[in-house]
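These notes concern the structure reproduced below.
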Amino acid sequence: QVQLVESGGGEVQPGGSLRLSCAASGIIFNAYNMAWYRQAPGKQRELVATITTFGSTNYADSGKGRYTIPRDNAKNTVYLQMNSLKPEDTAVYYCNRPISPRWGWGQGTQVTVSS
């Protein structure tokens, strides 16, 4: 059974940085493209960044130039490095596959950007 465990969230001031981690188990991690999503209060979950098995990355406009999505296949972990954080980045962040069928969602990690 696939398990995704997100961590690294917290409360930061605007302009700050956070590094989120997503540890995956139950899969051959290096065989899958991975993605980060976020869901703000009252909004739908949205895709923010993807990384392929070859390391190619793509970002939603909201994160371009501020987010990076590295992966460490030896640790079965994908990261989301977020810099220059803005209040509108406040959300619960999740990892999963970038396409259907997605695995069961983890608990997510809360990111709050506030002064």
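Assess whether TYR59 counts as being under 17 Å from SER100 (Cβ atoms), crowded, with 16+ Cβ neighbours inside 10 Å, within 13 Å of the chain's Cα centre (by Cα) and not β-branched (Val, Ile, Thr).
Judged against the criteria, TYR59 is not a match.
Under the condition of being open to solvent by 30 Å² or more (accessible area, probe 1.4 Å) and either assigned to a strand (DSSP E or B) or not small (Gly, Ala, Ser) (or both), which residue from segment 34-44 is nearest to ALA74 (Cα to Cα)?
Here the residue is GLN39.
Can you tell me which of (1) within 12 Å of the chain's Cα centre (by Cα); (2) open to solvent by less than 30 Å² (accessible area, probe 1.4 Å) is the one GLY10 doesn't meet?
All conditions pass for GLY10, except number (1).
Cβ-Cβ distance below 7 Å, separation of 6 or more or different chains: which pairs start in segment 62-83 with a residue that is farther than 15 Å from ASN33 by Cα and in contact (Cβ under 8 Å) with a residue 40 or more places away in the chain and end on one that is open to solvent by 40 Å² or more (accessible area, probe 1.4 Å) and of a type in the set (Val, Ile, Thr)?
As it stands, the answer is GLN81/THR68, since those pairs meet every condition given.
Report the residue count in segment 88-114 for those that are over 17 Å from GLN3 (Cβ atoms), at pLDDT 95 or above and not in a strand (DSSP E or B).
Qualifying residue count, segment 88-114: 5.
So which of LEU47, LEU85, LEU80 ends up being surrounded by 13 or more Cβ atoms within 10 Å (Cβ to Cβ), outside any strand (DSSP E or B) and out of contact with any helix residue (DSSP H, G or I) (no Cβ under 7 Å at 6 or more places or on another chain)?
LEU85
Starting from segment 14-31, keep only residues that are part of a loop (DSSP other than H, G, I, E, B), then list their pairs with residues that are among the small types (Gly, Ala, Ser) whose Cβ atoms are within a distance under 8 Å, requiring at least 6 positions of separation or different chains.
Every condition considered, the pairs that remain are PRO14/SER114; PRO14/SER115; GLY15/SER84; SER17/SER84.
Yes/no per residue for (1) under 26 Å from SER114 (Cβ atoms); (2) surrounded by 13 or more Cβ atoms within 10 Å (Cβ to Cβ); (3) out of contact with any Gly (no Cβ under 6 Å at 6 or more places or on another chain); (4) of a type in the set (Asp, Glu):
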residue: ARG19; (1), (2), (3), (4): yes, yes, no, no
residue: PHE29; (1), (2), (3), (4): no, yes, yes, no
residue: TYR32; (1), (2), (3), (4): no, yes, yes, no
residue: TYR67; (1), (2), (3), (4): yes, yes, yes, no
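Which one of TYR94, TYR59 is touching a residue at least 12 places away in the same chain (Cβ under 8 Å), closer than 16 Å to LEU47 by Cβ and among the hydroxyl-bearing types (Ser, Thr, Tyr)?
Unique residue meeting the criteria: TYR94.
The values are calculated or read from the model by the stated rules, or taken from the named source; none is laboratory data. These numbers come from a predicted model, not from an experiment. Heads up, the Cβs are rebuilt from the backbone with ideal geometry, glycines too, and the neighbour counts pull from every protein chain shown. To get the accessible areas, we keep the full protein, side chains included, count just its heavy atoms, and leave off ligands, DNA and RNA. Shrake-Rupley method; radii C 1.70, N 1.55, O 1.52, S 1.80 Å.
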